[in-house]
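The values are calculated or read from the model by the stated rules, or taken from the named source; none is laboratory data. Quick caveat, the model's predicted, so the values are computed rather than measured. In this analysis, Cβ positions are derived from the backbone assuming ideal geometry, glycine residues included, and neighbour counts consider all displayed protein chains. Keep in mind that these areas ignore ligands, DNA and RNA; they rest on the heavy atoms of the full protein, side chains included. Shrake-Rupley method; radii C 1.70, N 1.55, O 1.52, S 1.80 Å.
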Amino acid sequence: METRSAKRKKYWLEGENGIDRISDLPDVVLHQILFHLPIKSIAQTSVLSKRWRSLWISFPDLDFTSINPIGVTSTNAPNTKPSIKNKRLLLCPHSFSVKRLDFISQVLALRDKQSDLRILRFRAPLSFSRLNGLIRLAVRQNVQELDVEVATDDYFNFPRSVLTSESLRVFKLRSRYPGFRLLPPSVMKGGFQSLHTLSLSLVILYDQPTLSDLFTDSSFPRLKKLNLDACFGLKQLKVSCLALEEFTLENCFQLHGLDVSGAKLKTLQVASCFDAYCDKSWVKINAPSLRVMVWEYNAITENSSLENLVSAHEASIGFFVLNEDFSVTKLRSVSNLLSALSRLHTLTLEGQCVEVLSSRNYIANLMHPFDQLQSLELQTGFNKHNLPGLAYLFKCSPALHTLILKILNDYKIERRKWNKDLWDMPSSEEQFWESQSQALKPLLNNLSVVKIHGFLECENEVSLAKFLLKHGKALQEMTFFSGHCNYRDSLRRQKIRSQMMGFSRASSNAKIEFL
């Protein structure tokens, strides 16, 4: 008499007509189907028949991240040859204890030696010797993509076996505390001839603070994507790989100098980098094919030299400013950076950018106008001290179509609420904007869409909205996004919004909406 589990197994394979059609499919098709299952479920199919066992030991995409998270420890050595008993256990992984057996290394050891390994992903706490053993097993099986996240008790060195792999195309190594060290430059520069993607996180570089000759075309002739995160001790970095298309650098707080060049570089992202206390910091970028640039929460460098950004289309710029350090030198550096992006179509300014542009010293460091800019997003505290910076940006954006203003409401800064007395008596903010009407005429003739987030019916934001409605001849849509409020504030809001609906409009098509 058949057991219930046997019936389920038979039905899964043969269906209602008793014909096993699934097993007759080619290996490539079945591997693609199995790819969408968790690794544990894939391993369980190996007990169905010899056919399915063959599929399991030749399966090319091994992702263990679902069953081997950081925090689960195992003690077996990675190169231990599995016993016959363990081989049986591997066919049904739910039946063995993680404490007795390292599932990852055993699966690698059991794989069909004639079947190349396409992907290996895992995360685990392990020693450096065990990590090296796993990577060597994968390299011997011609792994193409290796994605590893590890936690170790001590610093470890970059796995040497990766350097000589001819099959490896993607290598991602993320370390938990305390991190890993790179090998000597003379050793590192000898490999990576086939690598397309490299991602390193938590690298300890106190012994190698300058990387000026590692990321070159001779060391990485095929590298297209490079991601470096949390490189502690790194002070100078040069990247000049000719094939590079995407470069991301994050959380390098001790960086003094950055030199990036590449004829094919299309996307550049630098975030939370540079030493805010260094008085000789610098950045140099030469990328004629660059389309997207993200420069967020970086300390302002003393010198910025950006050349040949003729293809730049979209950028997000933000700075980390220490104690409002708006020296003339740093403001000139900001001006040089923004001027190099004058061909942009889409620009986002955040992280104290508006505050920097509102500095008294900035007027002497004029930047080039954004003649092609279509969309501008500004993130600012929006107080009266920021008005000069806002007006300056509007002057530099004569062809602007969409303006998005995201107000960062800092409750430590006092902002006056709009009241009915300001209906007939212009406020100082209104007078300021009216004084700019002539200089902002090109913008007002093109601006079509305005969106204001964080709208709290304060005097400065209402004054700007009133000005844009009064002079915006092409204005089609003005939308205000505000948060929740109590009943008393709700009544006040309704009164202010009723007043705003009565503001004069230069465009008969202008529509006002509150969300």
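Whether any residue in segment 38-56 is at pLDDT below 55 and closer than 24 Å to Val143 by Cα is what I want to check. No, the conditions are met nowhere in segment 38-56.
Listed here are the residues, each with its yes/no results for (1) within 22 Å of Thr216 (Cβ to Cβ); (2) modelled with pLDDT under 95; (3) among the hydroxyl-bearing types (Ser, Thr, Tyr).
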| residue | (1), (2), (3) |
| --- | --- |
| Asp229 | yes, no, no |
| Leu258 | yes, no, no |
| Ala271 | no, no, no |
| Asp279 | no, yes, no |
| Asn286 | yes, no, no |
| Tyr297 | no, yes, yes |
| Ala312 | no, no, no |
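Here Leu376 meets each of (1) open to solvent by less than 10 Å² (accessible area, probe 1.4 Å); (2) modelled with pLDDT of 95 or more; (3) within 15 Å of Met293 (Cβ to Cβ) with one exception, condition (3). For Ser186, state whether it is of a type in the set (S, T, N, Q) and modelled with pLDDT of 90 or more. It is false that Ser186 is of a type in the set (S, T, N, Q) and modelled with pLDDT of 90 or more. Right, Ile119: hydrophobic (A, V, I, L, M, F, W, C), farther than 18 Å from Pro38 by Cβ and at pLDDT 80 or above or not? No, not satisfied. The single condition among (1) modelled with pLDDT of 85 or more; (2) out of contact with any strand residue (DSSP E or B) (no Cβ under 8 Å at 6 or more places or on another chain); (3) open to solvent by less than 20 Å² (accessible area, probe 1.4 Å) that Pro78 does not satisfy is (1). Selection of segment 218-234 for residues being open to solvent by 70 Å² or more (accessible area, probe 1.4 Å) and under 9 Å from His196 (Cα atoms) yields Arg222, Lys224, Lys225.
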